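Visitor: This is the structure I want to talk about, given as structure tokens.
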Amino acid sequence: MADFPLEIPKAELHLHLEGSVEPETLHELDPSTPVEEFRALYSYADFDAFLRAFGAIGKRLRTPEDYGLITRRLLERLAAQNVRYAEIIIAAGVVIWKEQDFAPIFDAICAAAAGSPVEVRWILDAVRQFGVDHTMRVAALAAERVDRGVVAFGIGGSEERGPAQWFTDVFDFAKRSGLRLTAHAGESMGPESVWAALKLGAERIGHGIASVHDPGLMRHLRERDIPLEICITSNLVTGVVKRIEDHPVRRLYDAGVPIVLNTDDPAMFRCTLVAEYQLAARHFGFSEAELRGIAENAFRYAFGGRRGAGG
């Protein structure tokens, strides 16, 4: 089992580009700042502290070349884990918040991904607590790039301060523009947040772990074949799950809810996709056959049209 998670072809569907930036890479971008100062950013007392750290790291990405470098570093790490396909979330909302021009940044990201053995598609993410106008601007950026590998639009950030019902018109626009739809939900709030994301038309749910508290919701996810993007280590580090034995991944799986395993922000949570599979086996008793099925799910539920691990 120790080697099995590395050997199987994998896809990752919930992976933030900015959350993949190692402290050493920030130091590479800014050698005048001691690496210890960057490492101090990667500690969070709770979920809101994590969101602030995510923004602080994003602020240190100042040029398109910076974004190109972090993209290359991420894809190198994915390739080393036998990740064949990734849908990488770009925090376009943070780029807007920094008042940067998104176009050259996206160009640099795409150029850095060219030639990688990892097949890549992009998801543009808005910061939901920044409001409707901000979110529509991100959706428009995504719509302009549907022919350049942007496959979906989503919302992240604070579920409490940016309720899903604000964004009905934004999601309608994104869908009309040919984008697939996703949303972070049921991570720091309850099942009602997942229901609200589903009402928007979300086809995958980022995290969604609160679904375990609503049998009707789990039945709905199972019957409609809507997957949850599960990120075990992320939930523990941000404190939305207090103890590993309390994580609902096994209960969700046993209830027939479709799941995929992901890292979310691998540098910020000091995890890898291989380690997430190992964690699922070691702490939750997932067998090789079950993990193989979960790995195949990641290809099956990809927005980019992938249909199998052998492709």
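Visitor: Please list, in order along segment 286-295, the HN-Hα scalar couplings obtained from phi with the Karplus expression 6.51 cos²θ - 1.76 cosθ + 1.60 (θ = phi - 60°), rounded to whole Hz, x for Gly and Pro.
Guide: Values, residue by residue: 5, 7, 4, 5, 5, 5, 5, x, 5, 5 Hz.
Visitor: Just to be sure I understand: if I project the alpha-carbon convex hull of segment 27-78 onto a plane and average over all orientations, what area do I get in nm²?
Guide: Details: hull surface 16.7 nm².
Dividing the Cα hull surface by four gives the mean projection, 4.2 nm².
Visitor: Just to be sure I understand the model, the point goes 7 Å from the Cα along the line to the Cβ. What's the resulting E65 to K242 distance in nm?
Guide: Each label point lies 7 Å from its Cα, and together they span 4.9 nm.
Visitor: While we're on this one: Taking N as the number of residues in segment 97-148, what is its alpha-carbon radius of gyration divided by 2.2 N^0.38 Å?
Guide: Values: Rg = 12.5 Å, N = 52, 2.2 N^0.38 = 9.9 Å.
Cα Rg divided by the expected 2.2 N^0.38 Å: 1.27.
Visitor: Give, as ranges by residue number, the residues of segment 21-40 whose backbone N falls under 15 Å from the point 7 Å along Cα→Cβ of S116.
Guide: Those under the cut-off are 21-22.
Visitor: Output wanted: per-residue J couplings in Hz (rounded whole) for segment 94-109, from phi through Karplus 6.51 cos²θ - 1.76 cosθ + 1.60, θ = phi - 60°, x for Gly and Pro.
Guide: Calculated HN-Hα couplings, in order: 6, 4, 5, 4, 7, 6, 9, 7, 6, 4, x, 5, 5, 4, 5, 4 Hz.
Visitor: What base-10 log of the normalised intensity I(q)/I(0) is obtained for segment 145-195 from the Debye formula, alpha carbons as equal point scatterers, at q = 0.30 Å⁻¹?
Guide: Per q value, in the given order, log10 I(q)/I(0) is -1.15.
Visitor: Determine the dipole magnitude for the chain: charges of +1 sit on the beta-carbon of Lys and Arg, -1 on that of Asp and Glu, nothing else is charged, the reference point is the Cα centre, and the result goes in debye to the nearest 20. Numbers along the way, then the final one.
Guide: Working: 35 positive and 44 negative charges, 121 e Å.
So the dipole magnitude of the chain works out to roughly 580 debye.
Visitor: Give me the distance between the Cα centres of segment 263-297 and segment 130-166, rounded to whole Å.
Guide: Between the Cα centre of segment 263-297 and that of segment 130-166, the gap is 28 Å.
Visitor: Provide the descending list of Cα extents for segment 246-307 along its principal axes, expressed in whole angstroms.
Guide: Taking max minus min along each principal axis of the Cα atoms, segment 246-307 gives 32, 30, 19 Å.
Visitor: With the dipole of the chain worked out from charges on the C-beta (+1 for Lys and Arg, -1 for Asp and Glu) around the Cα centre, which of Q81, A174, C110 lies farthest toward the positive end?
Guide: Working it through, the farthest residue towards the positive pole turns out to be A174.
Visitor: Quick one: plug the Kirkwood hydrodynamic radius of segment 1-158 (C-alpha pairs) into Stokes-Einstein at 25 °C, 0.890 mPa s, and report D in µm²/s. Kindly include the intermediate steps, with their values, before the conclusion.
Guide: Values: Rh = 16.3 Å.
Translational diffusion coefficient: 150 µm²/s.
Visitor: So for the chain, averaging the separation of alpha carbon pairs under 8 Å that are six or more residues apart and normalising by length, what relative contact order in percent results? Display every interim value, and only then the final one.
Guide: On the way: 568 pairs, mean separation 63.7, N = 311.
RCO, the chain: 20 percent.
Visitor: Ratio of alpha-carbon Rg to the 2.2 N^0.38 Å globular estimate for segment 90-224, to two decimals, please. Could you put the intermediate results ahead of the total?
Guide: Numbers: Rg = 15.2 Å, N = 135, 2.2 N^0.38 = 14.2 Å.
My calculation over the Cα atoms of segment 90-224 gives 1.07.
Visitor: If amide hydrogens are placed 1.01 Å from N in the peptide plane, which non-local residues have theirs closer than 5 Å to the one on E22?
Guide: Distant-sequence amide H within range of E22: zero hits.
Visitor: What are the residues whose amide H is under 5 Å from the amide H of V150, where those residues sit 5 or more places off or on another chain and H is modelled from the backbone?
Guide: W122
Visitor: So what are the ³J(HN,Hα) numbers for segment 240-248, from phi and the Karplus equation (6.51, -1.76, 1.60; θ = phi - 60°), rounded to whole Hz, Gly and Pro as x?
Guide: Result, rounded to whole Hz: 6, 10, 7, 9, 4, 5, 8, 5, x.
Visitor: From the P(r) of the chain, can you give the percent of Cα pairs sitting at distances over 23 Å? Kindly include the intermediate steps, with their values, before the conclusion.
Guide: Values: 25467 of 48205 pairs.
Counting pairs separated by more than 23 Å, the tail of P(r) holds 53 percent.
The numbers here are math on the coordinates, done by the rules we state, and not lab data. What you are looking at is a predicted structure, and each value in this text was computed from that prediction instead of being measured. Counting neighbours? That spans all protein chains shown, and the Cβs are built from the backbone with ideal geometry, glycine included.
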